[in-house]
Amino acid sequence: MLREIIEIDEELCVGCANCVPNCHQGALQIIDGKARLISDLMCEGIGVCVGHCPTGAMTIEKREAQPYDERKVMQKMCSGGENVIRAHLEHLERHRQTEYLQQALDFLREHDMEDPRMQARKDPIADTLSVPLADRGDHAGGCPGAMARSFSGAATPSDSPGSTAPAASELRQWPVQLHLLNPAAPYFQGADVLLAADCTAFAMGGFHQKLLKGKALAIACPKLDQGKEAYIEKLTRMIDDAGINTLTVAMMQVPCCGGLLQIAQAALAQAQRPIPIKQLIVSLEGEIIDEGWVM
């Protein structure tokens, strides 16, 4: 049976991640800097993601897709390398497609290939990035470095005019990476939250005083990070369960950073309560060049 499905031209794809939050079936991820269709099973060929691709790398094609054949899908996944295989297996696991997951694992065994998830799970740090959210909970598999902690933030008035003392940190919690954060942590309750692209803190000399002061922090990279579905889910829980007050999305002045705002907007669309979202764009020289409420 012929049906419509997404096709991605890797030559045109720049890995901006704009398509990821606009795939409501969760079939797309950014892997090795390119958008990948990690599961034919969840792609309905509606094409919402196509309209968000700035380079025209995404099209809809008609091809044989029924009945669904996990072995054929695995052949395609294996051609993309270990990271693509792992993402596909995690996708099946996350959506509780037990039968297809078993077929995929059988395929790997028949071809003398290891389950790439297992190697990652031997490392407690990698474990937090590779194991589906439902399996690891919100405490990152017990990794000590991901234990939720709150502290007071800035302790010295070092940002006073003329002071030569080092600027005080405004960070009030740990961890900060969005994959490791627990949305139910007390420091998110009723908080103003800063969702910052990784590079913003390195570009801005006054990041702590200008952006972070008085806010809880989550950092992410919309181009390189995997698991955007988990990001959307966590932000949705922050909005609904933790009752965060506002969300400020800080991004660099590069196309791929726009995916961070898309993730925030997707979370708000799924949430049961509205909150205001502010967009803030930082130039490569570290200056704030655009700031305003977008929702």
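The values are calculated or read from the model by the stated rules, or taken from the named source; none is laboratory data. Being a predicted model, the structure only gives us computed values, none of them experimental. All Cβ positions, glycine included, derive from the backbone under ideal geometry; neighbour counts span all protein chains shown.
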Those residues that are surrounded by fewer than 20 Cβ atoms within 10 Å (Cβ to Cβ), more than 16 Å from residue 168 (Cβ to Cβ) and not aliphatic (A, V, I, L, M), I need them from the range 200-222; list them, please.
202, 221
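Out of curiosity, is residue 212 at pLDDT 90 or above and not assigned by TED's automatic domain parsing to the domain that holds residue 92? Before the answer, list the steps.
On the way: at pLDDT 90 or above: yes; not assigned by TED's automatic domain parsing to the domain that holds residue 92: yes.
So residue 212 fits the description; yes.
For the range 95-193, give me every one of the helices (runs of 4 or more DSSP H) that falls completely inside it and has 1 or more residues that are modelled with pLDDT of 55 or more and more than 30 Å from residue 210 (Cβ to Cβ).
Working: elements: 98-110, 116-121, 124-130, 133-136.
Answer list for the range 95-193: 98-110, 116-121.
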Pick from the range 194-231 the residues that are of a type in the set (A, V, I, L, M) and assigned to a loop (DSSP other than H, G, I, E, B): which of them is nearest to residue 84 (Cα to Cα)?
224
Any chance you could count how many residues in the range 46-66 are under 13 Å from residue 9 (Cα atoms) and assigned to a helix (DSSP H, G or I)?
1
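Residues of the range 170-211 being among the hydrophobic types (A, V, I, L, M, F, W, C) and farther than 30 Å from residue 14 by Cα, which ones?
Filtering the range 170-211 down to residues among the hydrophobic types (A, V, I, L, M, F, W, C) leaves 171, 174, 176, 178, 180-181, 184-185, 188, 191, 193-197, 199, 201-204, 207, 211.
Result: 171, 174, 184, 185, 188, 191.
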Among the numbered criteria (1) out of contact with any Leu (no Cβ under 7 Å at 6 or more places or on another chain); (2) surrounded by fewer than 22 Cβ atoms within 10 Å (Cβ to Cβ); (3) more than 21 Å from residue 281 (Cβ to Cβ); (4) of a type in the set (A, V, I, L, M, F, W, C), which single criterion is violated by residue 230?
(1)
